[in-house]
Amino acid sequence: MENKFDSQSVIEEFESLTKNAKTVQIETLKKILKDNCEAEYLKKWNLDGRFDPQTYTSCVPVVTHKDLDPYIQKIADGASYPVLTGNPITTITLSSGTTQGKPKFVPFNDELTENTMQIYRTSFAFRNREFPIGNGKALSFIFGSKQFTTKGGLLAGTATTNVYRSAQFKKTMLAMQTPCCSPDEVIFAPDFHQSLYCHLLCGLIFRDEIQVISSTFAHSIVHSFRTFELVWSELCSDIRTGVLSARITVQSIRNAMAAVLTPNPDLADEIQNKCLGLIDWNGLIPELFPNCKYIYAIMTGSMEPYLKKLRVYAGGVRLLSADYGSSEGWIGANVNPDMPPEKTSFTVLPNIGYFEFLPLREIDESDSVEPKPIGLTDVELGEEYEVVVTNFAGLYRYRLGDVVKVIGFHNATPKLQFVCRRNLMLNINLDKNTEKDLQLSVETAAKLLADEKLEVVDFTSLVNLTTDPGHYVIFWEVSGDASDFVLKECCNCLDKSFVDAGYVSSRKVNAIGPLELRVLRRGTFQKIINHYVGLGSALNQFKTPRCVGPSNRKVLQILCNNVDKSYASNAFG
């Protein structure tokens, strides 16, 4: 593995696993339960050495994070006995916190690291078959978050930080011919602004060797190149003189960068000329990185709104969506890399956890019982489900909160498309608008800005119940100054673009009030990023919260304190 990556054997293993998905799932569940049967949580459910799916699903309840939180807290506080797992948990993962406003604690162990590497290897094997890369480097916008020690002495950090710090990660990246072009001191810097600047600088220094540009999420890549637009002349100056900008104050970064930065006036001139020759930064990436084969990040779900800007930077460079996972663990790999990001599906790996799916079909009015989850190989084509996961790190029948749609099968295992987060719903009366509905509404209204050569940098929403009737509030950060006339039209367009029948009928009878568009001062979403990074999140794990609830007080405060203009819709009279 360390010397040569064998794509063929990885693909053969994947084919074998997916052909025997049902058997593999039974064996995986048996292994998880056998390894952890002495844990306090599992003993509570009286499995008595029975590790089959039928016993497990009838004895152990479906839970949310709230149910497991007291157990995870015991682990974080240093419990000396098995709480959720047989072997001790040594690391805690912090979720990004963008959904609920504060990070959740999730147990992490070496098995989850190995699951991560298996996902990486699997998707790379299929990707490299379609789009082979030579031996080179990756410009990876990856950032280690702040880590801290819990009361019980466990190290806590984001899922990505836990993975990047593992020896397995470096070995895997090296074998996959895409080691990060930046030194560790840049990745794990205490200041992400300085880290990002040096990632960009390293990318330019090694520009001819860069084969892949990547990050966890598409948002990070867009954010990084928006930053490049502001600092490119300073980067050129550093390359020209061989002297690192004074903006870099962390000594460990300065020492590490001294090993890669030498005076190169010719390279500085070349980069400067390319930047000056671009129109609206179209095709920036192929101009700067002529050997870049593709751009790789999670591009589905809440990342789709950033694809338009990413395509501007990418020019003709292919966009490939990364795999499907969460802070709680991985679910599936993208083994069809030739599909555009919007059509990406994820094939579930049956040996990295035990998976169940909660049907989302409308429940019969006479039947108040929620439908029971079904097994991985029992899902039906075209149906939508909520994912329920049992993993190797102490999560049992855990509701992820993700809604997925089955769009096909790879052998016996399903191919899933991410639909939305189940709890991110705009709802006042009869209306039910998902994150996807919000995204489509914003995309439609944003087209009205195109004539003024402007774009929506980012957006979020709020259900305002302090008014009677309640109404939707959409927050926009726009790339420049739009006229009041255009913004008023955008506001009306947003209101009309929510086509959910419950919303439309409620608006017509004023059971839901006129939609409000609040235009934010430029830089507001950067303040929100700073807030989450301060909580311990990492830039590459950041996702803009698409619906800000009342529990997310700090973000709400940042938004409300930075409103520049406000408009109310008259689309419904």
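So, in region 423-438, of the ones that are open to solvent by 10 Å² or more (accessible area, probe 1.4 Å) and either aliphatic (A, V, I, L, M) or out of contact with any strand residue (DSSP E or B) (no Cβ under 8 Å at 6 or more places or on another chain) (or both), which residue ends up modelled with the highest pLDDT?
Keep residues of region 423-438 that are open to solvent by 10 Å² or more (accessible area, probe 1.4 Å), which gives 423-425, 427-430, 432, 434-437.
Subsequent filtering for residues that are either aliphatic (A, V, I, L, M) or out of contact with any strand residue (DSSP E or B) (no Cβ under 8 Å at 6 or more places or on another chain) (or both) retains 424-425, 428-430.
Values: Leu424: 66, Met425: 71, Ile428: 78, Asn429: 71, Leu430: 73.
Among them, the one singled out is Ile428.
Count, please, the residues in region 167-225 that happen to be among the charged types (D, E, K, R) and in contact with a helix residue (DSSP H, G or I) (Cβ under 8 Å, 6 or more places away or on another chain). Before you say what the answer is, go through the steps one by one.
To start, the set of residues in region 167-225 that are among the charged types (D, E, K, R) comprises 170-171, 184-185, 191, 207-209.
If we keep only those that are in contact with a helix residue (DSSP H, G or I) (Cβ under 8 Å, 6 or more places away or on another chain) too, we end up with 184-185, 207.
Matching residues across region 167-225 total 3.
Among all residue pairs at least 6 apart or on different chains, which show Cβ distances below 8 Å where the first residue, located in region 443-458, is free of Cβ contacts under 8 Å to residues at least 12 places away in the same chain and the second is open to solvent by less than 30 Å² (accessible area, probe 1.4 Å) and charged (D, E, K, R)?
Partner pairs satisfying both residue conditions: none exist.
Across region 278-305, what is the total count of residues that are touching a helix residue (DSSP H, G or I) at 6+ places or on another chain (Cβ under 9 Å) and under 23 Å from Cys202 (Cβ atoms)?
We begin by selecting, within region 278-305, every residue touching a helix residue (DSSP H, G or I) at 6+ places or on another chain (Cβ under 9 Å); these are 278, 280-292, 294-305.
Applying the additional criterion that residues be under 23 Å from Cys202 (Cβ atoms) yields 278, 281, 283-292, 294-298.
Matching residues across region 278-305 total 17.
For the condition without any contact (Cβ under 8 Å) to a residue 60 or more places away in the chain and either closer than 22 Å to Asn562 by Cα or surrounded by 15 or more Cβ atoms within 10 Å (Cβ to Cβ) (or both), what is the one hit in Leu520, Leu462, Leu487, Leu494?
On the way: Leu462 fails: without any contact (Cβ under 8 Å) to a residue 60 or more places away in the chain; Leu487 fails: without any contact (Cβ under 8 Å) to a residue 60 or more places away in the chain; Leu494 fails: without any contact (Cβ under 8 Å) to a residue 60 or more places away in the chain.
Result of the check over Leu520, Leu462, Leu487, Leu494: Leu520.
Name the residue that is farthest from His199 (Cα to Cα), counting only residues in region 234-274 that are surrounded by fewer than 13 Cβ atoms within 10 Å (Cβ to Cβ) and of a type in the set (Gly, Ala, Ser).
Looking at residues that are surrounded by fewer than 13 Cβ atoms within 10 Å (Cβ to Cβ) and of a type in the set (Gly, Ala, Ser), I get Ala246.
Within region 49-90, can you find the residues that are assigned to a helix (DSSP H, G or I), touching a residue at least 40 places away in the same chain (Cβ under 8 Å), under 28 Å from the mean Cα position of the chain (by Cα) and within 22 Å of Ile374 (Cα to Cα)?
His65, Leu68
List the pairs whose first member sits in region 404-424 and is without any contact (Cβ under 8 Å) to a residue 60 or more places away in the chain and farther than 18 Å from Ile352 by Cα, whose second member is outside any strand (DSSP E or B) and among the charged types (D, E, K, R), and whose Cβ atoms are under 6 Å apart, counting only residues at least 6 apart or on separate chains?
Val406/Glu383
Being assigned to a loop (DSSP other than H, G, I, E, B), in contact with a helix residue (DSSP H, G or I) (Cβ under 6 Å, 6 or more places away or on another chain) and small (Gly, Ala, Ser) is the filter here, so list the residues in region 324-347 that pass it.
Ser327
Taking the options Ser245, Ser302, Ser215, Ser224, name whichever one is within 30 Å of Cys420 (Cα to Cα) and not in a helix (DSSP H, G or I).
On the way: Ser245 fails: within 30 Å of Cys420 (Cα to Cα); Ser302 fails: not in a helix (DSSP H, G or I); Ser224 fails: not in a helix (DSSP H, G or I).
So the residue among Ser245, Ser302, Ser215, Ser224 that is within 30 Å of Cys420 (Cα to Cα) and not in a helix (DSSP H, G or I) is Ser215.
Just checking, which of Gly382, Gly353, Gly332 is open to solvent by less than 10 Å² (accessible area, probe 1.4 Å), of a type in the set (Gly, Ala, Ser) and over 30 Å from Lys44 (Cβ atoms)? Give the derivation first.
Details: Gly382 fails: open to solvent by less than 10 Å² (accessible area, probe 1.4 Å); Gly353 fails: over 30 Å from Lys44 (Cβ atoms).
Step by step, each of Gly382, Gly353, Gly332 is checked, and only Gly332 is open to solvent by less than 10 Å² (accessible area, probe 1.4 Å), of a type in the set (Gly, Ala, Ser) and over 30 Å from Lys44 (Cβ atoms).
In region 197-227, what count of residues is obtained for those that are within 14 Å of Ser245 (Cβ to Cβ) and open to solvent by less than 10 Å² (accessible area, probe 1.4 Å)?
Count: 7.
In this structure, is Phe525 modelled with pLDDT of 90 or more and within 19 Å of the chain's Cα centre (by Cα)? Before the answer, list the steps.
On the way: modelled with pLDDT of 90 or more: yes; within 19 Å of the chain's Cα centre (by Cα): yes.
Yes, satisfied.
Among the residues of region 117-132, how many are in contact with a strand residue (DSSP E or B) (Cβ under 6 Å, 6 or more places away or on another chain) and closer than 30 Å to Asp35 by Cα?
Going residue by residue through region 117-132, those that are in contact with a strand residue (DSSP E or B) (Cβ under 6 Å, 6 or more places away or on another chain) are 119, 122-123, 131.
In the following step, the residues that additionally are closer than 30 Å to Asp35 by Cα were identified as 119, 122-123.
Total satisfying the criteria: 3.
Which ones in region 199-242 are over 30 Å from Phe124 (Cα atoms) and touching an Asp or Glu at 6+ places or on another chain (Cβ under 9 Å)? Step through it out loud before you land on a result.
Filtering region 199-242 down to residues over 30 Å from Phe124 (Cα atoms) leaves 229-242.
Cys236, Arg240, listed by residue number.
Give the residue that is nearest to the chain's Cα centre (by Cα), with candidates limited to residues of region 155-191 that are buried (at least 21 other Cβ atoms within 10 Å of the Cβ), in a helix (DSSP H, G or I) and modelled with pLDDT of 75 or more.
It comes out as Ile187.
Output yes when any residue across region 458-478 is assigned to a helix (DSSP H, G or I), of a type in the set (S, T, N, Q) and modelled with pLDDT of 90 or more, and no when none is.
Going residue by residue through region 458-478, those that are assigned to a helix (DSSP H, G or I) are none.
No, region 458-478 has no match at all.
In this structure, does Asn530 turn out to be at pLDDT below 95, of a type outside the set (Lys, Arg), open to solvent by 10 Å² or more (accessible area, probe 1.4 Å) and under 30 Å from Asp191 (Cβ atoms)?
Values: at pLDDT below 95: yes; of a type outside the set (Lys, Arg): yes; open to solvent by 10 Å² or more (accessible area, probe 1.4 Å): yes; under 30 Å from Asp191 (Cβ atoms): yes.
Here the answer is yes, as Asn530 does meet what is asked.
Conditions (1) within 30 Å of Gln526 (Cα to Cα); (2) in a strand (DSSP E or B); (3) in contact with a Lys or Arg (Cβ under 8 Å, 6 or more places away or on another chain), marked per residue:
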| residue | (1), (2), (3) |
| --- | --- |
| Glu370 | no, no, no |
| Thr377 | no, no, yes |
| Leu381 | no, no, no |
| Val388 | no, yes, yes |
| Val406 | no, yes, yes |
| Ile428 | yes, no, no |
| Val442 | yes, no, no |
| Leu449 | yes, no, no |
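Tell me the residue from Ser327, Ser368 that is open to solvent by 40 Å² or more (accessible area, probe 1.4 Å) and either closer than 22 Å to Asn109 by Cα or at pLDDT below 90 (or both), please.
Working: Ser327 fails: open to solvent by 40 Å² or more (accessible area, probe 1.4 Å).
Criteria check complete, one pass: Ser368.
State whether one or more residues within region 508-523 are assigned to a helix (DSSP H, G or I) and of a type in the set (S, T, N, Q). Spell out how you get there, then give the answer.
Of region 508-523, the ones assigned to a helix (DSSP H, G or I) are 508.
Subset that is of a type in the set (S, T, N, Q): none.
Looking for residues that are assigned to a helix (DSSP H, G or I) and of a type in the set (S, T, N, Q), one finds none in region 508-523, hence no.
Hey, can you tell me all the residues within region 272-288 that are modelled with pLDDT of 95 or more and among the β-branched types (Val, Ile, Thr)?
Across region 272-288, the qualifying residue is only Ile285.
For region 64-75, check the following and say yes or no: at least one residue is surrounded by fewer than 15 Cβ atoms within 10 Å (Cβ to Cβ), touching a Pro at 6+ places or on another chain (Cβ under 6 Å) and charged (D, E, K, R).
no
Failed condition for Phe124, given (1) surrounded by fewer than 16 Cβ atoms within 10 Å (Cβ to Cβ); (2) within 20 Å of the chain's Cα centre (by Cα), with all others met?
Checking Phe124 against (1) surrounded by fewer than 16 Cβ atoms within 10 Å (Cβ to Cβ); (2) within 20 Å of the chain's Cα centre (by Cα), the one that fails is (1).
Are there any pairs, at least 6 apart or on different chains, whose C-beta atoms fall under 7 Å, with the first in region 378-390 and at pLDDT 95 or above and acidic (Asp, Glu) and the second surrounded by 12 or more Cβ atoms within 10 Å (Cβ to Cβ) and part of a strand (DSSP E or B), and if so, which?
none
The values are calculated or read from the model by the stated rules, or taken from the named source; none is laboratory data. All of these numbers come straight from a predicted model, not from anything done at the bench. Quick reminder, even Gly has a Cβ in these numbers, built from the backbone with ideal geometry, and neighbours come from all protein chains shown. Each accessible area value is taken on the protein alone, full model and side chains, heavy atoms only, with ligands, DNA and RNA left out. Shrake-Rupley method; radii C 1.70, N 1.55, O 1.52, S 1.80 Å.
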